[in-house]
1. Hey, among Leu222, Leu243, Leu237, which residue is in contact with a helix residue (DSSP H, G or I) (Cβ under 8 Å, 6 or more places away or on another chain) and under 23 Å from Leu289 (Cα atoms)?
2. Conditions first: (1) on the phi > 0 side of the Ramachandran plot; (2) crowded, with 21+ Cβ neighbours inside 10 Å. Phe259 passes all but one, so which condition is the exception?
3. So which residues in the stretch 424-461 are within 15 Å of ligand 2 (Cβ to nearest atom) and on the phi > 0 side of the Ramachandran plot, if there are any at all?
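Since every read-out is calculated from the coordinates, none of them should be taken as a lab result. Owing to the predicted nature of the structure, the values given are computational and were not obtained by experimental measurement. Positions of Cβ are generated from backbone atoms using ideal geometry, with glycine treated the same way; all protein chains shown enter the neighbour counts.
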Amino acid sequence: MTEKRMHRKSHQIECPGKGAAGSATNANGSFLSGLLGNFMPGKRSSLVRDLHRRINFDMLTGLPNRYSLQKKLSSLIASKDIGNFAFMFINIDSFRNVNGISGHIEGDQLLCRFADRLGSLDGWDLFAGRFSGDTFVVMYPGCPDSKKLMHEAKEILARLSGEYAIGGTKHDVTASIGVSRFPSDGSSPTELVRKADIALHQAKKLGNGRIVFFNDKIDKELRTNVRFERNLKKALLRDEFFLEYQPQYDFKTGRISGFESLLRWKNPECGIVSPGDFIPVAERTGGILTIGEFVMRKSFLFLRKLGELEDPYSVSVNVSAVQLSNPDFVPMVSSVISESPEHAHCLHIEITETVNIRSFDDVAEKIRTLKKMGVKISLDDFGTGYSSLSYLRRIPFDELKIDKSFICDIDSDEQTKRIMSPLIDLAHSFNLKVVAEGIENREQLDILRNCGCDKIQGYLIGKPASEEVSFRILSSTRIMHRT
Ligand code: C2E
Ligand code: CA
Ligand code: CA
């Protein structure tokens, strides 16, 4: 700690358990002592002390509680001579695991020991307390410049982190800190708390043991994300989603054999948003389940319309891991198909390979049920993940889609070209059809044809397009084939 720092008693950590309970001279204390004094003159002082402790201190850790912290924050802001100060949120990393694995009693003990370490920062010119759960606060008056403040915050973290031996278990504890500063980040308690909370949230996102100072960029990002999530939640009701269909070409028949349906979102505020940007948000917020049902129903309707043409066409629907792991997924597909079961064999479900399939048995079981309904299953994005072979062995796929990142340099990179043939042979040995996606030029098409690939998809064949355009493409190619 810096020599210059004043040792101000009023800012030191107060803890009733350690005989340091504050005097009952604050606003509440005066009121209560007056009130109780009239009724029970003898027991007045111990009762008032007890009540004061209950009002101002956290019963578990003995540190000042949220009420005290808020009072202190307001008084720091109001105080004329204090100048600037830092407000820090300190949160224990992965505390939920301690509660979950070792139980709440050990969790409580860890909180007390953590609070002890915080309380033992003797001589530090700061005021600390427990805000809620595993979140603590440190207010640090007269905060130095950013560099020094970061140094001090690191020292606080170093003191609080490390091994905690509790009930025979050694917990390796780290914590994260979010910091806001008075007056540069705000001049009201609400603003300082909100901004420290935003900074803490950012620190948590970066990983364990991180310290983040609030800045406007984080705030702007957060506001944008919140707006984005809000817009996304309303998108289905506002009819902002629509589907495009990208054709797939079959080498054997020399014709378009089907389409992949690709979801689009058009929002008045955000414009056209790529599924790569909004699907992960929908997965995180749970919206993907209703969005996924919309995609399935629309795609199946398109498929039924295609079924009215002479040739059979397949429609592939992308399904995320979150959708697949939901117990309602298979019943939802079943209900969609029940409207026209004779078309079920034309429905393909694409499951991305990057999906971390945690429970192979559960996924395999669901896939078997879908297959019994006649649905075909594709392993999407093959070549981007790392457990491809175990997927192929354990899950009964019908089709494998080689990712476009694998295809894009097939015409320029000898190594990629060399492994394509054995890769396709391997897939065939598993009885899988192979679709290559992202074909943009003739050379790529020729290489894949020579390697024995079954189908291709990409801008060379056709970009994703509306239902209307897709039907137009089909009718023109069918005329071409007849003539
Ligand atoms: P994906 O399943 O790998 O889809 C193929 C992506 O590659 C599409 O991007 C498509 O427009 C693009 N693409 C197709 N051909 C070419 C080409 O020749 N060159 C290039 N550079 N790109 C090509 P899009 O539409 O942006 O979709 C991105 C991803 O979003 C999809 O990747 C899929 O994982 C996901 N997605 C799309 N629709 C849905 C959906 O309804 N549900 C779920 N869960 N995910 C979806
Ligand atoms: Ca796909
Ligand atoms: Ca893909």
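1. Details: Leu222 fails: under 23 Å from Leu289 (Cα atoms); Leu237 fails: in contact with a helix residue (DSSP H, G or I) (Cβ under 8 Å, 6 or more places away or on another chain).
Answer to the selection: Leu243.
2. Going through the list (1) on the phi > 0 side of the Ramachandran plot; (2) crowded, with 21+ Cβ neighbours inside 10 Å, Phe259 breaks only (1).
3. Gly438, Gly458, listed by residue number.
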